[in-house]
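Single-structure report; data block below.
Just so it is clear, none of the values below were taken in a lab; they were calculated from the coordinates. The structure presented is a predicted model; accordingly, all values stated were derived computationally and were not measured. Counting neighbours? That spans all protein chains shown, and the Cβs are built from the backbone with ideal geometry, glycine included.
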Amino acid sequence: MTGGLRGAPDVPGASRPGGRAITTWIFEPGHTEAEFRARHMMVTWVRGLFKDIHGSIQLDWDRPLDTTFQGEIDATKIWTGEHDRDTHLRSADFFDVEHHPRIFFTGRLTERTGDMHAKASVDLTIRGITRAVTLDVAYLGQWATPFWVGDQDRGTLHRVGFAATTTINRHDFGVAWQDRLPGGGVVVSNEIDVALDVEAILKDDLERTGAIEYYREDTQPAP
């Protein structure tokens, strides 16, 4: 299915042969996050959060399956609400942030599953190991918002939102620490649920209003 997205914003886009509109959107890191949850001691869930996520989306409103995206996550800033657990997760037992401080992802939409839903294929890199992952993606809509600096109205910023979910096996990425419990139980589940919330701003608007200076780091490739 290649029909355009319902509710597409009225924004200018770069043209391609055939008149297709491609727009670039920059992640707003303050309102973009990745959450994960793991089963603990066979009886409950522990959740963690990554907030420092930089990246961009190349969005084709007329042909959504041509949409691509990429980004990186600062793994050193993992947060679960418990200091000792966070320290352990940063160690070589789990994310090994001393040697692999970034998590990388790059992907594209592959299948339209509804008016506002799709599947995406993602190359996810954790601890330097890259595996293919499938995401279920929902387009949450768009809104035109004002951008003020002090008492000066600099113009409008168009924003879009997406949510995505998947389940991964942490052992596929070398996140392999484990301890056993009596009766065949384990301390940490192998399967990890992941949920991603993305807010992105139209790059043309960021440049036109001067707001791009607030996101300059986000638009540069990682060193």
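Descriptive notes on the structure:
- Projecting the Cα atoms of G55, L109, V194 onto the charge dipole of the chain, computed from C-beta unit charges around the Cα centre, puts L109 farthest toward the positive end.
- Top of G55, G81, G184 by mean-square fluctuation, Gaussian network on the chain, Cα under 10 Å: G184
- Restricting the range 162-212 to chymotrypsin sites (Phe, Trp or Tyr not before Pro) that sit in a DSSP loop and have at most 15 other Cβ atoms within 10 Å of their own Cβ leaves W177.
- Structure-derived Cα Rg over 2.2 N^0.38 Å: which label, when the choices are (i) 1.12; (ii) 1.54; (iii) 1.07: (i)
- Cα gyration tensor, the range 105-154 - rounded (a/c under 1.5), prolate or oblate: oblate
- Partners for K77 among aspartates and glutamates (Cα-Cα distance below 15 Å; same-chain residues under 8 apart left out): E33, E35, D52, D86, D96, E98
- Longest exposed-site-free window of the chain, the sites being GluC sites (Glu not before Pro) in a DSSP loop that have at most 13 other C-beta atoms within 10 Å: 99-223
- If the chain linking R47 and D115 were pulled fully straight, counting 0.36 nm for each residue of separation and taking away their Cα-Cα distance, it would gain 21.4 nm.
- The string of couplings for the range 189-206 from the Karplus curve (6.51, -1.76, 1.60, θ = phi - 60°) is 5, 6, 7, 10, 7, 10, 10, 10, 10, 10, 10, 10, 10, 4, 4, 4, 5, 4 Hz, one whole number per residue in order, with x for Gly and Pro.
- Rounded if a/c under 1.5, otherwise prolate or oblate - the range 59-144, Cα gyration tensor axes: prolate
- For the range 83-171, size of Cβ-based charge dipole, Lys and Arg +1, Asp and Glu -1, in debye: 260
- Shape category assigned to the range 103-223 from the gyration tensor of Cα positions, a/c cut at 1.5: prolate
- Helix-only arithmetic for the chain: the sum of -39500 (n - 2.57) across DSSP H runs with n ≥ 4, divided by the residue total, places the mean residue ellipticity at 222 nm at -1500 deg cm²/dmol.
- Debye, to nearest 20: dipole size of the range 95-223, +1 on Lys, Arg Cβ, -1 on Asp, Glu Cβ: 340
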